[in-house]
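Beneath this line is the structure, given in structure tokens, with notes to follow.
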Amino acid sequence: MKTLIFLLSIIFLISMLLIVILNMCSKKTFIDREKSSPFECGFDPKSSARLSFSLHFFLIAIIFLIFDVEITLLLPMIPSIMISNMYSYLFIINFFLFMLLMGLYHEWNQGALNWINQ
């Protein structure tokens, strides 16, 4: 047990030493105006390079990703019907779909799905 703690402490010290050395070596000390400005064929930019981003579109994209991941979790459950207990299978599927519908209902009540208000 003592050797395990000793080895873990050595590994921790070596990794912390490497992190400190790499952070000291990777710092940029020379700041150049041309390198920090956006590139527009060598000319000074006329406006800000950053465009405003719609937060509402981002929320819709996150909701889509969540439902996409949940669909990928539901699809492998279909072939497992044959090898599982039907009552436990139905309980798991119904609980999963209930949680999906509650999340959708919550998003709807919060107004995240209304494009007109935003």
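Of (1) in contact with an Asp or Glu (Cβ under 7 Å, 6 or more places away or on another chain); (2) modelled with pLDDT of 85 or more, residue 6 satisfies all except one. Which?
(1) is the only condition that residue 6 fails.
Can you pull out the residues in segment 36-56 that are in a helix (DSSP H, G or I) and either modelled with pLDDT of 80 or more or more than 24 Å from the chain's Cα centre (by Cα) (or both)? So that I can check it myself, show each step before the final result.
Of the residues in segment 36-56, the ones in a helix (DSSP H, G or I) are 36, 55-56.
Scanning segment 36-56 gives a single hit, 36.
Would you check if residue 66 is modelled with pLDDT of 90 or more, under 27 Å from the mean Cα position of the chain (by Cα), surrounded by 10 or more Cβ atoms within 10 Å (Cβ to Cβ) and not in a loop (DSSP other than H, G, I, E, B)?
In short, no.
Check residue 94 against each of (1) under 19 Å from residue 58 (Cα atoms); (2) exposed (fewer than 11 other Cβ atoms within 10 Å of the Cβ) and name the one condition it does not meet.
(1) is the only condition that residue 94 fails.
The values are calculated or read from the model by the stated rules, or taken from the named source; none is laboratory data. Predicted, not measured: the structure shown is a model, and the values here were computed from it. Neighbour counts are summed over all protein chains in view; Cβ atoms, including those assigned to glycine, are modelled from backbone coordinates with ideal geometry.
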